[in-house]
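Enquirer: Please see the structure below; I have some questions.
The values are calculated or read from the model by the stated rules, or taken from the named source; none is laboratory data. From a predicted model like this one, the values you see are computed outputs, not experimental measurements. When we count neighbours, we look across all protein chains shown, and the Cβ atoms used for this are built from the backbone with ideal geometry, even at glycine. Quick note on the areas: whole protein, heavy atoms, side chains included, nothing else; ligands and nucleic acids left out. Shrake-Rupley method; radii C 1.70, N 1.55, O 1.52, S 1.80 Å.
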Amino acid sequence: MSLPRPDGPLPAALVASCRRARRGPTGRALSGLGAALAIAAAMGLAGCAAPPPQDIRTASDMTDADRIARLRLELASGYFSRGQLETALDEVKRALAARPDLAAGYNLRALIYASLGEHALADESFRRALQLDPRDADTLHNHGWYLCQRQRYDEAEQRFDAALALPQYRQGPRTLLAKGLCQARAGRLDEAEATMTRAYELDPGSPAAAFALGELLFRRGEYERARFYLRRVNSQPATSNAQSLWLAARIENRLGNEAGVRALGDELRERFPRSPEALRMDKRAFDD
């Protein structure tokens, strides 16, 4: 559950998802860190949103092209969430053939290309989505996280800030967390701490925000403060995992709390006996 690598896959909870696309081609998207940081949210149907409607649309307003595009995009989202990338890409292509102006389709296509390592195509798809809907917060968020992975930190921050500036955006804590992680990758640790703290303040129940902030504080040698956040994550089995237990053990080791290290080690071995973190615990490799 360490900070995601710059060249790693998109963490799930930082990827905007679009289950709300089921409402119709003009519905807003549902927002959705991954196995490493997915204690906050499971992988959703990755995607996007089109502009909000001026009037309430019903089934009778939909054209055949709308229905085809919606169905294909739902299928593509499902395949993408299960890692069936080529099949997902085929379905996105069918959705866009029916509705070439579907910004959600280009956002999802960008995520698929990013997962396939096709970076030029991913970037082009994000930009096409934003040409069609420059105020779509989910696309702005996803493109920001993608740019961060490509170490284009200034551009990434511009995308995050644009999403956060939208008056009706309800996923500010998620985007603030992504922005804070990106700042940490760029070595701007003071800014990262301030941004992550704001994300946590807005969503104190988020295990992902608590873990990310705890890890950053651990890296900065602020072990007592890091302990506070990791205890929040590990207080419930549903929000803890091997990475969070291992980080907590490393914190207790730095604080000289051997009893705490033993207790966390016992839980780690019991719940995640085959994990790399359990092996590190057996070797007491706290500084690896």
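Enquirer: How far apart, in nanometres, would the label points at residue 124 and residue 219 be if each is projected 7 angstrom from Cα along the Cα-to-Cβ direction?
Expert: In this crude spin-label approximation the distance works out to 3.4 nm.
Enquirer: Same structure again: Could the peptides 100-110, 128-138 be put in order, highest first, of the mean number of other beta-carbon atoms found within 10 Å of their residues?
Expert: Descending mean neighbour count gives 100-110, 128-138.
Enquirer: Let me check I've understood the local charge: for residue 102, count other residues with C-beta under 13 angstrom from its C-beta, Lys and Arg +1, Asp and Glu -1. What total comes out?
Expert: Value of the local net charge: +2.
Enquirer: For residue 64 and residue 201, what does the FRET efficiency come to when R0 = 51 Å and r is the distance between their Cβ atoms, rounded to the nearest 0.05?
Expert: 0.60
Enquirer: Now for a different question. For residue 141, tell me the accessible area in Å² from a 1.4 Å probe, rounded to the nearest 10.
Expert: Its heavy atoms expose roughly 0 Å² to the probe.
Enquirer: Also: Leaving out ligands and nucleic acids, note down the accessible area per residue over the range 89-241 with a 1.4 angstrom probe, in whole Å².
Expert: 42 Å²
Enquirer: Just flag the GluC sites (Glu not before Pro) in the range 58-138 sitting in loop per DSSP whose Cβ has no more than 16 other Cβ atoms within 10 Å.
Expert: Answer by residue number: 118.
Enquirer: Can you compute the charge dipole magnitude of the range 153-288 about its Cα centre, using +1 on each Lys and Arg Cβ and -1 on each Asp and Glu Cβ, nothing else charged? Give it in debye, rounded to the nearest 20.
Expert: Here the size comes out at about 280 debye.
Enquirer: For labels at residue 287 and residue 191 in the simple 7 Å Cα→Cβ model, what's the distance in nm?
Expert: Placing both labels 7 Å beyond Cα along the Cβ direction yields 3.2 nm.
Enquirer: The range 56-125 to the range 167-245: how many Å between their Cα centroids?
Expert: 32 Å
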